[in-house]
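These notes are about the structure you will find just below.
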Amino acid sequence: MLNKMTKDELELLSYTKIAEMYLKENKTTMNTADLFKEICNLLGMSEAEYQEKIADFFQSLTTSKEFILLNDGKWDLKANHSVKINIDDIYEESDEGVENEEENDEIEDEYEDEEDNYDTPLEDDYNDDDLSDLTILDDNEMEEE
């Protein structure tokens, strides 16, 4: 289909749309450089244009919801890959969370008996001299300021 399109028709499409169509038609995976070279060939772009625009193309691939970067560094369509969710794993993870909460509660109980009162001020900490320079303001005085 891409080969049958004219250069003018191809230029109306985004690079990611052309990449999507290319991967779909050829049923292959490709790294960023090779995929963009194919797009440049289809559009008749020069090597200088390739060098200038490949970073933007890579960014477009990474932000597109249509593509997935595989472990081997090649791009493929997300539609070609399914996500397998193992329900048993989800329940095991939630059970582990409950066990950890129970352990935390036991640790907290141990420390409740040994509470430090560092935050509680002692009567000796207050000195009447410290309060002598404070002034009490009424509402009228506060509004004037």
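The values are calculated or read from the model by the stated rules, or taken from the named source; none is laboratory data. From a predicted model like this one, the values you see are computed outputs, not experimental measurements. Positions of Cβ are generated from backbone atoms using ideal geometry, with glycine treated the same way; all protein chains shown enter the neighbour counts.
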Please go through the stretch 10-19 and give me each residue that is exposed (fewer than 15 other Cβ atoms within 10 Å of the Cβ) and aliphatic (A, V, I, L, M), ordered by number. L12
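Let's see how each residue does on (1) in a helix (DSSP H, G or I); (2) surrounded by fewer than 15 Cβ atoms within 10 Å (Cβ to Cβ); (3) at pLDDT below 90:
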site	(1), (2), (3)
D8	yes, yes, yes
F36	yes, no, no
C40	yes, no, no
I54	yes, no, no
K84	no, yes, yes
Filter the stretch 11-29 for residues that are under 17 Å from K65 (Cα atoms) and in contact with a Leu (Cβ under 7 Å, 6 or more places away or on another chain) and give the result. T16, I18, A19, E20, M21, Y22, L23, K24, T29
Residue, farthest from Q59 (Cα to Cα), within the stretch 10-34, restricted to residues that are under 27 Å from the mean Cα position of the chain (by Cα) and not in a helix (DSSP H, G or I): T29
Would you mind stating whether I90 is among the β-branched types (V, I, T) and either surrounded by 15 or more Cβ atoms within 10 Å (Cβ to Cβ) or at pLDDT 95 or above (or both)? no
Pairs, please: C-beta under 8 Å, at least 6 apart or cross-chain, first residue small (G, A, S) and in the stretch 37-49, second loosely packed, with under 15 Cβ neighbours inside 10 Å? G44/K7
Consider only pairs whose beta carbons are under 9 Å apart and that are at least six residues apart or on different chains; among these, list those whose first residue lies in the stretch 69-89 and is at positive phi and whose second residue is acidic (D, E) and in a strand (DSSP E or B). none
